[in-house]
Amino acid sequence: MTDENPANQLMKRRKFLLCTGASAGTTLLAGCSGGQDETPTAEQPTATPTETPTEAPTETPTPEETETPVQEETPTETEPSLQEQYPQLSILSPDPENAQAANRVTYTKSRTDREAHYIRNHYPSPSIDIDEWSVSLTGAVGEEVELSMDEIKNDYSTRTITHTMQCSGNGRSYFDPQVGGNQWSFGAVGNAAWTGSPLSEILEAYGAETGDGMWLSVMGGDNPEGKDVFARSIPMEKVMDNVLLAYRMNGEPMTPQHGYPVRLLVPGWYGNNNVKWVKRMHVMDMMLFGNEWEEPGAPEDGQRTYTHWQQYSYRIFPQGTSANHNRQIETFDTREQMESDEVTHPYMYDQLVKSLIGHPGEGETVETNPAGQVEVVGVAWAGDDAVDTVEVSADGGESWGEAEFFGPSRGDYSWRLFRYMWTPDSAGEYELVSRATDNRDFQQPATVSAPDDDASEEASITDDQYPWNTKGYANTAYMPHGVSVTVESS
């Protein structure tokens, strides 16, 4: 970066003439290396719970919330085991690191601690020297640059957005028949405050083409030689709205497993879009598509494919179907894609409405209070949309009671805490489930379909069934997410 004011560099904006069958910036493959603002506040519940679950830990304000300066440090080379670093997680695989919340108590808090936030990695976390790390900006821009971490942090404004980040495979283990991949149950979702630089400012500073039909393809720096580059294409209208290059998590430097030193933060969208260890950003007039983004040669010769995680994976495929690639799509709302014929195999972008009960936990025994009630506490979220209502049932969905929201407001992309004062008919065993509805009246379905049911074949939510799909993505069915509890009279 020169000493010139980045804003003045907008004058360098150049025009791109597109040839038939070619796209802006796609010839640069060879030689490549790889909203809602929220100021966190102290938690002041809007209502005081009648009874606070005894297992719920007290939330400690982050350094950012208390305005205490944080001394950034490069993670040490010698680190404890993954389980020692994340004692609140259940490890699914240590290499690459994949882990989910071990206890439902995670979902009784408005913010998720770093140590309790799930981890999803495709390759092992790379060892990175922050002083040597840079992020390249290429493609349809007025000036191609290599941005140092110092420039990313200091040359642009700083925003903090609390985002409910969820692995698109969360709930996969509840599919029957079972599908491959990490068997996530309920715990691959967390709610953290992410701090970083708005990508809109960076793109504007270097004269990027940001109009209709443009995309930003972002590549991670974690792929071993010969492996597919983890890369995702984000539509420019979303990028310019609220996407960040994030470098802090809950006011502290991110851990290596969460993307240190910099990751993409795409508020409201599934975790697969939030690329870790960002190495390259490429402005183009389509998503990653076609032979231009698949290098020739065999894997043993170092072949790197850029389209895999965009076109072949992170989409809803019914049984017996294969990838139908798209250069462009018109809607980035996952539910709308599922309900329409525009996209044959929906892409995992905007999150579907969902809720989880945090207390009581699975298999717990609880006592009623003097009024004969048990407090049910949980969280609900809806991606780019807002959660309108949450209901709770203790009889398999035959009858429902409406829960109330409580706790602090952390912005449009944060989950909401809910509670429901439940009056059991008698002591005994119960199955508690929660069901959320968003502001567009989309509601969680009851069950997951079989592979040959209409819902699965059409990749849509039909007859109160979520579609079984070959990758096990985006399961929002409330019945398999319920908790079994035993009630004892006080």
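Extension gain, ASP150 to GLU398: 0.36 nm times the residue separation minus the Cα-Cα distance gives 83.6 nm. Electrostatic bookkeeping for MET240 treats Lys and Arg as +1 and Asp and Glu as -1; over the other residues with beta carbon under 14 Å from its beta carbon, the sum is -4. Remark: spin-label model distance GLU362-GLU431 equals 1.4 nm, labels positioned 7 Å along the Cα→Cβ axis.
Paramagnetic label reach from SER489 (point 7 Å along Cα→Cβ; backbone nitrogen cut-off under 12 Å): within the range 362-399, residues 368, 372.
Here, each number is a calculation from the coordinates, and none is a lab measurement. Remember, predicted model here, so these are calculated numbers, not experimental data. When we count neighbours, we look across all protein chains shown, and the Cβ atoms used for this are built from the backbone with ideal geometry, even at glycine.
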